[in-house]
Amino acid sequence: QVQLVESGGGLVQAGGSLRLSCAASGRILRRYAKGWFRQAPGKEREFVAAISWSGGITYVADSVKGRFTISGDNAKNTVYLQMDSLKPEDTAVYYCAAGQSYGSRRQDYNYWGQGTQVTVSS
């Protein structure tokens, strides 16, 4: 079993930056692929970024490409999402996830955190 806890969300002005963290307990996180998803009010949960279990492969959604970066620190059992040049449309609850498969689909991931709110004001 893997427990995931996100942190780092908050309120930021457009153009600003935030770094989200996702700390894992239980099984060792490095054995899993990790991902970030987000869900805005009234919308489906959507893929944001993923990183392979080794950390050697990363993938981000087109909507955040060039602005968001996913990284991991296996020694700390933590994965990060660096978000720069934030836009109001980035406002959502952000969730981290871990799973056996590396991908952009929700079903690729078995474990989910509780989410952290990110609000970008214009």
Item to check | Of all residues in the stretch 66-90 being surrounded by 15 or more Cβ atoms within 10 Å (Cβ to Cβ) and among the hydroxyl-bearing types (Ser, Thr, Tyr), the one that is nearest to the chain's Cα centre (by Cα) | outcome: Tyr80
Checklist entry - Restricting the search to the stretch 1-25, which residues are open to solvent by 60 Å² or more (accessible area, probe 1.4 Å) and either in contact with a Phe, Trp or Tyr (Cβ under 9 Å, 6 or more places away or on another chain) or under 11 Å from Ala98 (Cα atoms) (or both)? => result Gln1, Gln3, Arg19
Checklist entry - Is it true that some residue in the stretch 40-49 is touching a residue at least 40 places away in the same chain (Cβ under 8 Å) and either more than 18 Å from Gly115 (Cα to Cα) or among the hydroxyl-bearing types (Ser, Thr, Tyr) (or both)? => result no
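Could you grab me the full set of residues in the stretch 91-115 that are open to solvent by less than 20 Å² (accessible area, probe 1.4 Å), assigned to a strand (DSSP E or B) and either more than 19 Å from Ser54 (Cα to Cα) or modelled with pLDDT of 95 or more (or both)?
The answer is Ala92, Tyr94, Cys96, Ala97.
The values are calculated or read from the model by the stated rules, or taken from the named source; none is laboratory data. Computed from a prediction, not measured in an experiment: that's the story for all the values here. So basically every Cβ, Gly included, is an ideal-geometry build from the backbone, and we count neighbours across all protein chains shown. Please note that ligands, DNA and RNA were not included when accessible areas were found on the heavy atoms of the full protein model with its side chains. Shrake-Rupley method; radii C 1.70, N 1.55, O 1.52, S 1.80 Å.
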